[in-house]
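Below is the structure I would like to discuss, written out as structure tokens.
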Amino acid sequence: MQQLKYSSLAFIGLFLCHSALATSVMTPEKLWQVKRVAPLGLSVDGSQLIYQVTTPNIDANGFDKKVYQVPVNGGSSKLLEHYAGVLKDKNISPDGTKKLFHEKVTLNATRSTERYPDLKQSDAYVFDSLDYRHWDTWNDGSYNHVFYQDLHTEEKVDIMAEQPYYSPQAPFGGDEDYIWGPKGENIYYVSKKVTGTAYVTSTNTDIYQYNLKSKKTTNLTAENPGYDTSPAFSANGDLAWLSMKTAGYEADKNDLMVMVNGSKNNLTAHWDGTVQSFIWSADGQSIYFTAPTKGTIQLFQVDFKANSEKPADIVQLTAGPFDVNGLVAAKPDRLLVTRNSMNSAKEIYGFDLNSKKLQALTTVNDDFFAALDKPTVKQRYVTTQDGKQMLVWVIYPPGFDEKQKYPTLLYAQGGPQSPLSQFYSYRWNFQLMASQGYIVVAPNRRGMPGHGVEWNADISKDWGGKAMQDYLAAIDDVAKEPYVDNDRLGAIGASFGGYSVFYLAGHHQQRFKTFIAHDGVFDFRSMYGTTEELFFVNHDLGGPYWDQENAAAQQGYTDFNPSNFVANWDTPMLVIHGGKDYRVPIGQGIQAFQAAQLLGLKSRFLYFPEENHWVLSPQNGLVWQQEFFRWLQETL
């Protein structure tokens, strides 16, 4: 049989609904030409912003990187061929004599070659407790540790000694997890100081102070059982950090804490929102922070007054159909931030603290996006089954004509407590989906931050409840419009969104004609038995399946478990999964695909052996997009 081959360029023609737009709308190939802008920090003198531009290289299946500088007040960018010594280094001590860094330290003989040196070709691991793997990596007995090095003698000191704890935190922590104290006499770092099974059931990270002279370590947040992260000092020497109070709840309200002379003050306790990131003002009198609000991420300010008995005033500084999602630096008259929207990738902006206006400092992708016909993004409010008003983003194709009928996709967001904001994704890209002729319906359903703490928390232990009703309310409301083709509705999503697709497949009452689920939870029991972060399933599913006394857990394992409703599946299903996804392990996708096949449904399994919960390599990313749209072309 002749091998079937697909040409990328030829394939584009299969799913472009309007051939006249073929050269002017976003395509999978064009999406992988978008340059990715990332701020690196300020120059040593503070006058220049240093940033990196990363360009996907499809042929090499990698990324090309270049570094530039631009004046913080705006101006022309300059390529830096050599930038060593240009960038201000936060890890150099205040007196310039020492440097902070982190590296792996092997403390446990986990690998067989360490336990049995004569068996050099063995490749076994031996574990006596959990924390045997995390995200996409098996635990090899090593831990991230914080060190400082004397720049004159080159002597280095492990400030965590022989402790089997992580700092930075795995898998995503970096040098933001450790900082110098204002005078350089102390080092502050984030760590979760429990091990093994306790580690995977806990979110109790704390902020520790290590004194260089006494070599004594002090836990500054011992009283709080939840996450404490992101320590940062003001110009006045006051310490701020982010804090979640609930043990085991990774998506709890994130509050902004400040400590002055040992006294702690929660600046956002009275505020019905959750902080995403923050930065001190240049004079140390205010803190600027980003937070989800009404389907976007915006910039806020809270004035800091030590020992004040009144709740701190919180003011929203930006508003609009975009996300302000990164805080780079604070100058006396301006902030440096990053901004993007559903129709534009991330760029760096200056925010004028006097005029309250945003000014673009980088325009790396402006010409690229200017050449595209873009979708239209609109807010819509839908009444939920229990009478709430829910924000729904609706993304319309370029050249939208309300007299035509369009296939429509219900997008189910992951998390489940992630904001559905004006994000720009290189996989779940609404600009690309709409540019292929699909209307996209993206509800801010129960569980998403930005609509109050109660709305955010309302999904835990209720995965198959109000959130699923919210999805159906959204698609049913938009489907009333004459331009929606009710015979061509699909549901798509990843992670919790993949769970949502599997669950809706058993409950949709023939609303949908096709489904796409990426790295979704299919079976609660096997998920509980194989996921690597047990604190998440303990909190969100309610606990172990064998706990018969736990009513919330038992309801989840019966009423909300997609595998219990497979007999109702009647619709084509594309299942996508990464082989190195240990958060939602590969068995979840395999079980779903196998069930669909045995039911005789049109189904397909897209497997990425070397990808984790995400798809990161350029060529795999392009395969993902092409198979995604190929499936929609075949089934919708």
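The values are calculated or read from the model by the stated rules, or taken from the named source; none is laboratory data. Only a predicted model underlies this, so the values are computations on that prediction, with no experimental measurement involved. Cβ placement follows ideal geometry from the backbone for every residue including glycine, while neighbour counts extend to all protein chains displayed. For accessibility, only protein heavy atoms count, side chains too; no ligands or nucleic acids. Shrake-Rupley method; radii C 1.70, N 1.55, O 1.52, S 1.80 Å.
Can you pull out every residue in region 342-378 that is without any contact (Cβ under 8 Å) to a residue 40 or more places away in the chain, in a loop (DSSP other than H, G, I, E, B) and aliphatic (A, V, I, L, M)?
Residue satisfying the conditions is Leu353 alone.
If you don't mind, there's one more thing I want to ask. Kindly indicate whether Asp177 is closer than 23 Å to Asp95 by Cβ, open to solvent by less than 30 Å² (accessible area, probe 1.4 Å) and either in contact with a Cys (Cβ under 9 Å, 6 or more places away or on another chain) or of a type in the set (D, E, K, R) (or both).
Criteria met by Asp177.
Okay, residues lined up against (1) in contact with a Pro (Cβ under 7 Å, 6 or more places away or on another chain); (2) in contact (Cβ under 8 Å) with a residue 24 or more places away in the chain; (3) not β-branched (Val, Ile, Thr):
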{"site": "Asn186", "(1), (2), (3)": "no, yes, yes"}
{"site": "Lys193", "(1), (2), (3)": "no, yes, yes"}
{"site": "Thr201", "(1), (2), (3)": "no, yes, no"}
{"site": "Thr218", "(1), (2), (3)": "no, no, no"}
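Whether any residue in region 460-471 is without any contact (Cβ under 8 Å) to a residue 24 or more places away in the chain, open to solvent by 10 Å² or more (accessible area, probe 1.4 Å) and not small (Gly, Ala, Ser) is what I want to check. Lay out the reasoning, then the answer.
We begin by selecting, within region 460-471, every residue without any contact (Cβ under 8 Å) to a residue 24 or more places away in the chain; these are none.
Within region 460-471, not a single residue is without any contact (Cβ under 8 Å) to a residue 24 or more places away in the chain, open to solvent by 10 Å² or more (accessible area, probe 1.4 Å) and not small (Gly, Ala, Ser).
A quick yes/no check of all residues on (1) in contact with a His (Cβ under 6 Å, 6 or more places away or on another chain); (2) under 19 Å from Gly41 (Cα atoms):
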site	(1), (2)
Tyr249	yes, no
Gly262	no, no
Asn266	no, no
His270	no, no
Lys294	no, no
Lys305	no, no
Glu309	no, no
Pro321	no, no
Pro332	no, yes
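Identify, please: which residue in region 553-580 is at pLDDT 95 or above and among the polar types (S, T, N, Q) and is, among those, farthest from Phe502 (Cα to Cα)?
In the first step, residues of region 553-580 are kept if they are at pLDDT 95 or above; the result is 557-580.
Checking which are among the polar types (S, T, N, Q) leaves us with 558, 561, 563-564, 568, 571.
Numbers: Thr558: 14, Asn561: 9, Ser563: 8, Asn564: 10, Asn568: 11, Thr571: 11 Å.
For region 553-580, the residue satisfying everything is Thr558.
Something else: Which pairs do you get when a residue that is more than 19 Å from Thr363 (Cβ to Cβ), found in region 31-56, comes within reach of a residue that is in a strand (DSSP E or B) and among the polar types (S, T, N, Q), reach meaning Cβ atoms under 8 angstrom, with the pair 6+ apart or on two chains?
Final answer for the pair search is Leu42/Gln48; Ser43/Gln69.
Looking only at region 530-554, filter to residues that are assigned to a helix (DSSP H, G or I) and without any contact (Cβ under 8 Å) to a residue 60 or more places away in the chain; which one of those is nearest to Gly447 (Cα to Cα)? I'd like the intermediate steps shown before the answer.
Kept after step one, since they are assigned to a helix (DSSP H, G or I), are these residues of region 530-554: 530, 534-540, 551-554.
Subset that is without any contact (Cβ under 8 Å) to a residue 60 or more places away in the chain: 530, 537, 551, 554.
Details: Thr530: 24, Val537: 15, Ala551: 21, Gln554: 20 Å.
So the residue we want is Val537.
Of the residues that sit in region 87-108 and are in a loop (DSSP other than H, G, I, E, B) and closer than 22 Å to Ser191 by Cβ, which one is most open to solvent (accessible area, probe 1.4 Å)?
Just the residues of region 87-108 that are in a loop (DSSP other than H, G, I, E, B), to begin with: 88-91, 93-97, 107-108.
Subsequent filtering for residues that are closer than 22 Å to Ser191 by Cβ retains 90-91, 93, 107-108.
On the way: Lys90: 90, Asn91: 13, Ser93: 7, Leu107: 46, Asn108: 64 Å².
Ranking the qualifying residues of region 87-108, first place goes to Lys90.
Identify, from the list Thr362, Thr338, the residue that is in contact with an Asp or Glu (Cβ under 6 Å, 6 or more places away or on another chain) and of a type in the set (Ser, Thr, Tyr). First the steps, then the outcome.
On the way: Thr338 fails: in contact with an Asp or Glu (Cβ under 6 Å, 6 or more places away or on another chain).
Criteria check complete, one pass: Thr362.
Can I ask one more? Just the residues that are farther than 14 Å from Ser495 by Cα, among the hydrophobic types (A, V, I, L, M, F, W, C) and surrounded by 21 or more Cβ atoms within 10 Å (Cβ to Cβ), please, taken from region 535-565.
Taking region 535-565 and keeping what is farther than 14 Å from Ser495 by Cα, we get 535, 538-539, 541-561, 563-565.
Now narrow it down to the ones that are among the hydrophobic types (A, V, I, L, M, F, W, C): 535, 541, 546, 551-553, 560, 565.
Of everything in region 535-565, those that are farther than 14 Å from Ser495 by Cα, among the hydrophobic types (A, V, I, L, M, F, W, C) and surrounded by 21 or more Cβ atoms within 10 Å (Cβ to Cβ) turn out to be Leu541, Ala553, Phe560.
Could you grab the pairs with beta carbons closer than 8 Å, sequence gap of 6+ or different chains, first residue in region 402-415 and touching a residue at least 60 places away in the same chain (Cβ under 8 Å), second one of a type in the set (S, T, N, Q) and surrounded by 16 or more Cβ atoms within 10 Å (Cβ to Cβ)?
Going by the 8 Å Cβ cut-off, the qualifying pairs are Ala412/Ser500; Gly414/Ser495; Gly415/Ser495.
Starting from region 622-636, keep only residues that are without any contact (Cβ under 8 Å) to a residue 24 or more places away in the chain, then list their pairs with residues that are of a type in the set (Gly, Ala, Ser) whose Cβ atoms are within a distance under 8 Å, requiring at least 6 positions of separation or different chains.
Filtered contacts from region 622-636: no entries.
Continuing with the same structure: Could you grab me the full set of residues in region 281-300 that are within 23 Å of the chain's Cα centre (by Cα) and of a type outside the set (Val, Ile, Thr)?
Tyr288, Phe289, Ala291, Pro292, Lys294, Gly295, Gln298, Leu299, Phe300
Would you be able to say whether some residue in region 489-507 is touching a strand residue (DSSP E or B) at 6+ places or on another chain (Cβ under 6 Å), surrounded by fewer than 24 Cβ atoms within 10 Å (Cβ to Cβ), of a type outside the set (Phe, Trp, Tyr) and over 30 Å from Asp401 (Cα atoms)?
The answer is no; no qualifying residue exists.
So, one more: Filtering region 122-162 down to residues that are loosely packed, with under 14 Cβ neighbours inside 10 Å and hydroxyl-bearing (Ser, Thr, Tyr), which residue is nearest to Lys213 (Cα to Cα)?
My answer is Thr153.
Considering only region 322-342, I want to know if a residue exists there that is of a type in the set (Asp, Glu) and buried (at least 18 other Cβ atoms within 10 Å of the Cβ).
Of region 322-342, the ones of a type in the set (Asp, Glu) are 323, 333.
After this cut, where a residue has to be buried (at least 18 other Cβ atoms within 10 Å of the Cβ) as well, the list is 323.
So far as region 322-342 goes, yes, one or more of its residues are of a type in the set (Asp, Glu) and buried (at least 18 other Cβ atoms within 10 Å of the Cβ).
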